[in-house]
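What follows is a single structure, written as structure tokens, with notes after it.
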Amino acid sequence: MNNESYSKKRRARAGKRRVVAAIVAAAVALVFLFSCLYPAFSTARASSVSEAKAARDSAKAELERIKNEKTDLVTEYVNFDSELTAVEDQVIALTADIEATKETITQKAAELEEAIAKTDAYRDEFKQRARIMYENGSASYLEVLFGASSFSDFIERVEIVGSIASYDRDVLDDFTKNQAIIKNSKAEQEELLLRQENNRDSLAYRQEQIELLLEKQQTLIDKITADEATAQKAYSAAEKKYEEEERKAQEEIRRAKSTYVGSYTGGKFAWPAPSGTRITSPFGYRTHPISGKKGSLHRGIDIATAYGTNIVAGEAGKVIVAKYNGSYGRYVVIDHGNGYTTLYAHNSQLLVSVGQTVSRGQVIAKAGSTGNSTGPHCHFEVSYNGNLQNPLNYLK
């Protein structure tokens, strides 16, 4: 081999080495860049989810406030309507009483006129008899008295004459008393009628006021119904946004890469919450305990446990996620190799970091209630090749 051929081959090998070195350098740079940017990206994603959750929760709170206010307004409307019905019933009953009182007054007036007529007629008769007696004078009395056949007959005739005069006075007194009774009864009925009419006027005024209140209340109900529709749309949009951020968070979990090569190929995991044994929510579809959404997929199982108790790795593996998320709160994802991953959510504290290798049963976090949670518990998920599994099929 001459020097020229040797030089060409040497230059070719040097060129290849430079190309390989450049490729390696570029790969290292990309890895370094990704390792630098990934935490920032994860932090941004967590922030987006957190902001979406806050917006969703705020919209839900506003919707609930409007619904409660509407319930109060409707309750007040029903109460006003019930009061109006009661007042209307009272007006109807009182109107009937007024008509009955008027009839009684008319009857009493007729009775009084009749009593006055009878009294006047008897008084006229009494005056006429008295005038006749006065005009005939003592002769008439003497004729009656001295026409007696005996002394005893004379005494009897004196008593008769006295009885007739006394009877006339008694009858006239009775007529006068009866007339006064009827007159007083009529006056009482007229006073009753006045009170009844005043009461009816008061009820009629109250009726008008309630009708105005009902109109105002209906206006408020119409307005708040429109506000409710607007708030419902805002909540639906916020919920949709939150679900989208959740979906992106799940995508981020699926994109998380690990170089861990484990020997796990299936079998029983260690129980992730040693201090808790009660499952409060199983794997599968349910009504979401916070959003109230029906048909919501519960991706794992919830294990009730005390705040701050240990959460352990179900199997040996490498931590590929350890951060905060708006739904999961502080959570950890471990890659066990051969397509298996586990997730531990809602922790109060994380004790491992991304890239760390852990052993089966190692404490990786402390139980809490961060994220979308109603109380301290461990939310545990199992995935195989990115597909969710029922964790109970993998636990002792």
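What follows draws every value from the coordinates through simple rules; no lab data is involved. Nothing here was measured: the structure is a model prediction, and the numbers come from that model. FYI the Cβ positions are ideal-geometry reconstructions off the backbone, even for glycines, and counts take in every protein chain you see.
Measuring between alpha carbons in the structure, the pairs from 60/223; 53/223; 318/366 lying more than 21 angstrom apart are 53/223. Here the peptides 60-67, 235-242 are ranked by packing, the mean other Cβ count within 10 Å, and the order with the highest first is 235-242, 60-67. Segment residue 120..residue 205, full-extension length gain: 25.9 nm, with 0.36 nm per residue of separation and the alpha-carbon distance subtracted. Answer with one residue from 389, 334, 306: the one whose Cα lies farthest towards the positive end of the charge dipole of segment 260-396, charges on Cβ with Lys, Arg +1 and Asp, Glu -1. About the Cα centre, the residue reaching furthest to the positive side is 306. Backbone phi angles across segment 305-317, fed through the Karplus curve with coefficients 6.51, -1.76 and 1.60 (θ = phi - 60°), yield HN-Hα couplings of 7, 6, 4, x, 7, 6, 10, 10, 5, x, 7, 5, x Hz in residue order; Gly and Pro are listed as x. Within straight-line reach of residue 240, meaning a Cα separation under 19 Å, sit the following aspartates and glutamates at least 8 residues removed in sequence or on another chain: 51, 57, 62, 64, 228, 251, 252.
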